[in-house]
1. Whole number please: convex hull volume per residue, Cα atoms of the range B:1-117, in Å³.
2. Could you rank the peptides B:124-131, B:191-198, B:31-38 by their average count of other C-beta atoms within 10 Å per residue, with the highest value first?
3. Post the alpha-carbon centroid distance, the range B:134-189 to the range B:1-61, in whole angstrom.
4. Compute the distribution of all C-alpha to C-alpha distances in the protein assembly as shown, in bins of 10 Å from 0, and list the percent of pairs in each, rounded to whole numbers.
5. When you take every Cα atom in the range B:32-91, what is the radius of gyration, and what is Dmax, the widest Cα pair distance, in Å?
6. Hey, can you list the DSSP H helices of chain B whose Cα span along the axis is 24 Å or longer and whose average Kyte-Doolittle score is at least -0.5?
7. Across peptide B:79-90, what mean number of C-beta atoms from other chains lies inside 10 Å of a residue's C-beta?
8. Within a Cβ distance under 11 Å of residue B:41, other residues only, what is the Lys/Arg minus Asp/Glu net charge?
Amino acid sequence: DKAQKEIKSYYESE
Amino acid sequence: MFEAKLQQGVIFKKIVDAIKDLVKSVNIDASTSGLSMQAMDSAHVALVSLKLNENGFKDYRCDRPITLGLSIENLSKILKCAGNDDTITLQTDEEEPSSLKFFFENQQASKISEFSLNLMSLDSESLGIPDTDYSSVIQMSSAEFSRICKELSSISETVEIETSKESVKFSVQGDIGAGSITVKNNQSDKDVDRVDLQIDQPVKLTFALRYLNMFNKAVSLSSTVSLNMSEENPLMVEYKIDDLGSLRFYLAPKISD
């Protein structure tokens, strides 16, 4: 089964 | 002083309806260039980004930037009182407003409703989303994409989207079996059939259908939707709002660990 990534691991917090 | 009058108030109602299952409270940032909003779902898997340009409003004035913290549920209750043909005006005179005024006017200006919504102070954690040159872009009927997602979610919770030069394939695998829907480039003059594929690099990415079905609540905002993908990047689903701006949803992929 595939693991759901978080959106925060792709975009930097501003 | 901030005031924004939207001739087609129904657009604002549709935007709130489109995001209310995804986010609970949002900060709307008003500036001289217009309104913008960015929020993540509670699991931090999806992100919604709204941009409405000031020139899309009938009247727009924003003397200095302000942030309006809104509960989507409470905003929804207020907007239920607006007719689909009403103009909607947002207004506040304060610099640090504790509430936001709403005016709903019918076409004959014979019925005017005024509401004041208490504002919330929300810690705004916003993410920097770089302008991405996506390697696979699909433009298609939003109703058709919504239908594909709904149909496939009865077979599996996740969908694999694979693009190639001439087609995009949505595949699912579940306990009851498996299936796929392949959609080809189609320059049909009928909106519902037209499919535009711009594939610089093919991609193969997997996403949770639950989120795609939530994004598709925005189908009433635009007859077309664009799916923007690059390997190892979140999917960006965009609904353009005529002459006003856009509502974008970002969804992180599922990957084999």
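1. On the way: hull volume 10.9 nm³, N = 117.
It is 94 Å³ per residue.
2. Values: B:124-131: 12.5, B:191-198: 15.2, B:31-38: 18.1.
Packing order, densest peptide first, comes out as B:31-38, B:191-198, B:124-131.
3. 29
4. Bin by bin from 0 Å, the calculated values are 7, 28, 33, 21, 10, 2, 0.
5. According to the Cα coordinates of the range B:32-91, Rg and Dmax are 13.7, 37 Å.
6. On the way: long enough: none.
Within chain B not a single helix satisfies the rule.
7. Values: counts 0, 0, 0, 0, 0, 0, 0, 0, 0, 0, 0, 0.
Average neighbour count from other chains, rounded to a whole number: 0.
8. Details: positive: B:24, B:210; negative: A:6, B:21.
That sum, taken over residues with Cβ under 11 Å, equals 0.
Every read-out reported here was derived from the displayed coordinates using simple, explicitly stated rules and does not represent laboratory data. The structure displayed is predicted, hence computed values, not measured ones. Here Cβ is always computed from backbone atoms with ideal geometry, including for glycine, and neighbour counts include all displayed protein chains.
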